Structures are given as C-alpha cells and as structure tokens.
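Coordinate-derived values only; no laboratory data. Computed from a predicted structure; not experimentally measured. Neighbour counts are summed over all protein chains in view; Cβ atoms, including those assigned to glycine, are modelled from backbone coordinates with ideal geometry.
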Amino acid sequence: SEQQIIDLTALLNRYAHEYYDLDAPTVPDAEYDRLFRQLQAWEEQYPQWRQPDSPSRRVGGQAQQKFTAVVHQIPMLSLNNAFSPLDDNNKFDHSEMYAFDKRVRDGLGAEPDYIVEPKFDGLAISLLYRDGLLIQASTRGDGYTGEDVTENVRTIINIPLRLQGNDVPSVLEVRGEVLMLKADFERLNAHQQAENLKTFANPRNAAAGSLRQLDPKITAQRRLHFYAYGVAQLDERFAVASHSEELALMARLGLTIPPQDTLCYHANIEKILAFYEHIYQVRADLSFGIDGVVIKVDNLEQQNKLGYVARAPRFAIAQKFPAEEMLTTVEAIDVQV
Ligand code: NAD
C-alpha cells in the first residue's frame with residue numbers, strides 16, 4: 001500500500017542519515033540493501049506512490065555545516081548493485097550480472113570490453129589538481145554538494161600534494177576512495193581501547209570519522225590511505241580513450257591506483273564472473289576491506305553512449321558479496337559497541 005512505501009522510505013532515510021551523516025549505522029549493510037531493493041521493487045510497481053524524498057532518487061547523505069560546502073562540477077554519483085547469492089550447493093547465482101551484461105550489449109549494439117576493480121569499502125573523495133598542485137579535496141555529500149576536507153586530505157601520505165613528472169595536466173580531478181588499511185584499523189582500535197576511548201565498528205566508519213575531523217592533526221594520526229579509480233576532469237591535451245588508460249595516466253602522475261592483482265582487464269562476462277569468484281576467495285588476504293567488485297565498460301565513448309539513469313551510471317555495476325559475509329562483520333560490530 002502507499003503507507004508501506006511511505007514507512008519504508010522514512011526508515012531507509014533514517015538509516016542513511018545514521019550511516020552517512022553520523023558515521024554510526026544501526027543496521028547491517030545487507031539489511032539496508034535488502035530494504036532498499038524492496039523499496040525499488042515497490043516503486044517500479046507503483047510509480048505513483050514514489051515519495052519525493054525517496055533514497056532511490058538520491059545519493060549519499062548531506063554535507064555537514066561544520067565544513068565549507070563544495071559544489072561538484074561533475075556530480076559524484078552512486079553505483080547500481082548486483083547480487084550473486086550462493087545456492088544450496090554453494091554455487092553462485094549470477095543471473096543479475098548476466099542481466100547487466102545484456103542491458104549493456106543491447107544499449108551499445110556491440111560487444112563491450114569490461115574492466116573489473118575492487119569495490120573499496122571506504123568513502124568517496126574528489127581531488128582537484130591545478131597545474132600539478134592539489135588545491136581542493138571534498139567528500140561526496142549528496143552527490144552535488146560535498147564537504148571541503150582539503151586540510152585533512154593533505155595529511156594522507158599516499159596522496160601526492162604535487163603530481164609527479166615534468167609534464168602534468170593543467171586540470172585533473174581524481175575520484176577515489178579514502179580508507180583505513182586493516183592493520184591500521186586494528187592498531188587504532190587497540191590504542192583506543194588502551195586509552196579507554198570509543199572503538200570503531202569497522203574500518204569504513206573509522207575512515208569516515210577520521211577524515212571528517214575539524215582538526216587535521218587527528219586525521220594525521222589516524223593513517224588513512226587513498227586509491228584512485230576515476231577521472232572526472234582532465235585537460236584535453238591528456239585525453240585518453242578508455243578507463244584503463246585513465247588508471248595508467250593517474251599511476252604515472254604519482255597517484256595510487258588499485259593493486260594490479262585486484263584488477264582484471266579486457267573481460268567479458270565469463271571472465272568477470274571467474275574473477276569475482278577468485279576475489280571472493282582471496283578477499284581476507286587483502287590489506288584493505290572490499291565489499292565486492294566494480295565492473296565498468298572500459299571504452300569512454302561507449303560509457304557516454306550508455307550514460308546515466310537517476311543516481312548511477314548504466315555503464316558500471318557493483319557486484320557485491322553475499323549477505324552472510326556482511327553479517328559476520330556485523331557480529332563483530334555488535335561485540336564492540
Ligand atoms: P555504493 O557504496 O554501493 O556504491 C558507490 C560508491 O562505491 C562510490 O561512491 C564509491 O565511494 C565506491 N567505490 C568503491 N570502489 C569503487 C570503484 N572501484 N569504482 C567506483 N566507485 C567505487 O553506494 P552508496 O550509495 O555509496 O552506498 C550504499 C552502501 O552504503 C551500501 O553498501 C549500503 O549497504 C551502505 N549503507 C548502509 C546503511 C546502513 O544503515 N547500514 C545506510 C546507508 C547505506
């Protein structure tokens with residue numbers, strides 16, 4: 001009924017506020033994702049009841065007043081999700097991924113070349129370089145307006161304050177993820193515990209809380225890490241034709257891109273699925289937390305052709321790990337709070 005849609009919208013908005021604005025989620029991500037998909041299904045069936053403040057139309061949370069607002073010239077959007085649940089025989093059901101692949105082929109009328117990256121479990125950041133110098137860093141916020149966290153980001157050791165090399169672009173806007181490495185998270189929580197301070201539920205919350213500090217000295221102590229996975233603005237002289245070339249360019253300019261053994265180039269759907277299953281097996285050995293992989297059409301012209309729908313691109317998808325994995329993380333959270 002309409003009332004159910006109104007209630008679910010309100011509930012999801014409350015969870016999103018706790019997660020994005022307060023950095024203090026009260027439900028597991030898997031539960032949030034399940035309810036979100038329920039709402040999407042209802043809205044598709046009864047579009048006339050979709051609420052104007054539905055989370056299915058929006059990205060993230062709200063920029064906090066305590067930081068200066070930054071308007072993103074290119075919006076920082078979200079990603080649509082695909083789930084590959086495990087069946088009774090412990091085999092993945094990849095039907096949502098096959099459906100994504102079909103939509104992409106139908107949209108392009110051509111065979112796409114995909115690239116697969118880890119889906120970092122941190123928070124999205126935009127870095128603006130002018131004439132090689134880092135001049136601004138901002139959070140995603142609601143996708144259109146974020147928070148100015150430049151001073152805090154300057155303390156992150158693997159973010160270059162000056163791009164590397166003699167010939168650098170006059171404008172480069174990098175998109176990527178700020179996160180806390182698992183080892184740094186363990187160390188931080190041990191320290192917090194020893195000092196009788198509040199411990200953090202998981203590395204993502206620790207990273208978000210550490211970045212959104214008014215005092216950059218605190219951010220500096222927390223040891224954050226950055227991985228670049230996108231280019232939002234680039235001067236024409238450096239223009240490239242594909243996402244993988246963007247990654248190579250960023251690496252050449254001194255930015256840290258996803259480790260090579262977590263990337264899969266020139267993939268078709270079968271290669272994507274095999275890579276997903278491989279990453280799923282080795283995820284615990286990675287030095288950073290991931291909650292799945294991100295699949296992107298590599299060719300930029302094809303990306304433009306597919307474009308965007310509502311809050312996410314059509315040329316990419318996040319293939320997330322099955323829910324029971326998230327629940328194990330949440331059991332750990334429950335013990336700590
Ligand atoms: P998302 O996290 O599913 O996808 C978008 C984000 O993925 C981007 O903003 C970027 O930060 C990140 N990302 C990581 N690796 C990337 C890569 N290689 N390329 C591109 N982007 C990459 O979407 P969302 O809208 O940020 O948030 C939804 C997530 O937040 C879900 O996992 C949801 O469960 C969780 N959430 C939880 C609660 C809760 O109460 N527990 C509330 C709201 C949201």
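Relative contact order, whole percent, for the range 81-336 stands at 28, derived from Cα pairs under 8 Å and 6 or more residues apart.
From the P(r) of the range 1-150, could you give the percentage of C-alpha pairs in the tail past 26 Å?
43
With a sphere of radius 9 Å drawn around the Cβ of residue 265, what net charge do the other residues whose Cβ falls strictly inside it have (Lys, Arg +1; Asp, Glu -1)? Once positives and negatives cancel, what remains is -2.
Since only 171, 193, 39 are under comparison, the one whose Cα sits farthest along the positive direction of the charge dipole of the chain, derived from C-beta charges on Lys, Arg, Asp and Glu, is 171.
Bridging of residue 102 to lysines at a Cα separation below 23 Å is possible for 91, 119, 271, 296, 305, 320, once same-chain residues fewer than 8 apart are set aside. So what does log10 I(q)/I(0) come out to for the chain at q = 0.08, 0.09 Å⁻¹, using the Debye formula with one equal point on every Cα and no solvent? Here log10 of I(q) over I(0) equals -0.38, -0.49. Roughly speaking, what is the centre-to-centre gap between the range 1-61 and the range 115-178 when only Cα atoms are used, to the nearest Å? That distance is 29 Å. Whole-Hz Karplus values for the range 96-109 come out as 5, 6, 4, 5, 4, 4, 5, 4, 5, 4, 5, x, 8, x Hz, taken residue by residue from phi with 6.51 cos²θ - 1.76 cosθ + 1.60 and θ = phi - 60°; glycine and proline positions read x. In whole Å, how far is the Cα centre of the range 226-247 from that of the range 80-112? Their Cα centres are 26 Å away from one another. For the range 187-197, the Karplus equation 6.51 cos²θ - 1.76 cosθ + 1.60, evaluated at θ = phi - 60°, returns couplings of 5, 4, 5, 4, 5, 4, 5, 4, 8, 6, 9 Hz by residue, with Gly and Pro reported as x. Using all pairs of distinct alpha-carbon atoms, the Kirkwood hydrodynamic radius of the range 16-95 works out to 15.5 angstrom. Among the GluC sites (Glu not before Pro) in the range 187-259, those located in a DSSP loop and surrounded by at most 10 other Cβ atoms within 10 Å of their own Cβ are 195.
Summing charges over all other residues whose Cβ lies under 15 Å from the Cβ of residue 8, with Lys and Arg as +1 and Asp and Glu as -1, gives -1. A helix-only calculation puts the chain at -11000 deg cm²/dmol for mean residue ellipticity at 222 nm, using -39500 (n - 2.57) for each DSSP H run of at least four residues, averaged over all residues. Here the relative contact order of the range 211-304, from alpha carbon pairs under 8 Å that lie six or more residues apart, stands at 28 percent.
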